[in-house]
1. Roughly how many debye, to the nearest 20, is the charge dipole of the chain about its Cα centre, given +1 on each Lys and Arg Cβ, -1 on each Asp and Glu Cβ, and no other charges?
2. Among A241, A16, A68, which one moves the most in a GNM of the chain with springs linking Cα atoms closer than 10 Å?
3. Please list, in order along region 202-208, the HN-Hα scalar couplings obtained from phi with the Karplus expression 6.51 cos²θ - 1.76 cosθ + 1.60 (θ = phi - 60°), rounded to whole Hz, x for Gly and Pro.
4. Relative contact order (percent) for region 30-182, with alpha-carbon contacts under 8 angstrom and 6 or more residues of separation?
5. Would you grab the residues whose amide H sits under 5 Å from the one on R38? Only those 5+ places off in sequence or on another chain, please, with H modelled 1.01 Å from N.
6. Please work out how much length the chain gains when fully extended from K45 to L170, using 0.36 nm per residue of separation minus the C-alpha to C-alpha distance, in nm with one decimal.
7. Contact order normalised by length for the chain, with contacts defined as Cα pairs under 8 Å and 6 or more residues apart; what percent is it?
8. Packing-wise, with mean Cβ within 10 Å as the measure, how do 195-207, 135-147 rank, highest first?
Amino acid sequence: MHKLDAGHLKPLLIAAAIYLLVQGIGLYISRTGPDGSRGIIDNVKEGGDLQPVVDNPGDVTSSLQIFAYVLASTAALLVLMKYKFNQVIKLIIYLGLFAGLDITLWGLLGAAGALLAIPVFIIAYWKRHNLTVMNALLILSLPGIGSWMGASLAFVPSLVLLIGLSCYDLVAVFGTKHMVTLAEGAKGKLPLMFGIPVGERILGLGTGDLAIPLVFSVSVLRDYTVTQAAATSLGGLLGLAALFFYIINKKDVVLPALPPITLGLLLGFGLGMII
């Protein structure tokens, strides 16, 4: 039987806090903009400053298009990592994080936030070897990316994408194991994972494991209600907690986080539909 002692409670709470901050900020800026103006969902749907990620948000093929982007991006990272193009990888990743940070702060503070993103990013990059600083940068970057993608997908395509990426996560970790290779290559070098101290080791939680659930939660908010989106989000937290509880006393184990989080999201959505 797994035991959750006081030493493991703190990292569990840290993981939960990271998840809730990403989801909470993402859902907030998706629904409400600065000073009560329209949020990212309305901005994307009504043709504002942010254009949809895909041309047909309600078409299931749009989810396949994003899935293809994920596969291509992963393959490109693996090739660049193999041939040690580390500076190119860093440039691509940090540009993506800056874009996400810019959207998040713009969603929270408007034009002033978009300008604030520049010094915030510079400071974060300067302190990039500090675990807390990098976690904070990811917390502020992922809501922008996830909310933009979620606002660009209707519920059904988003559901297809979520399930498809969960299955892909299983294959990538247990089958081809290329996701393990990517995680090992990025550890301590690239900001692709949240680092959560657990005793003398660092538990890695992939950025995709939090960004993709946010995409789904925002798509629920796009097509349903705040209550259903909140229930969906909290269901995902239960899936994350279950995974954390399972691996807390295990060493040198690599498990895909997205499948259990997905199960939690679907459970939360189902409960939200009957509330």
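Rule-based calculations on the coordinates, nothing more; no lab input. Note that the structure is predicted; figures quoted are calculated from it, not measured. Cβ coordinates were reconstructed from backbone atoms using ideal geometry, including for glycine residues, and neighbour counts include every protein chain displayed.
1. 880
2. A68
3. Karplus values, whole Hz, x for Gly and Pro: 10, 8, x, 10, x, 4, x.
4. 33
5. Amide H to amide H, under 5 Å and 5 or more residues apart or across chains, R38 pairs with G33.
6. Residue separation times 0.36 nm, minus the Cα-Cα distance, leaves 41.7 nm.
7. 24
8. Put in order of decreasing packing, that is 135-147, 195-207.
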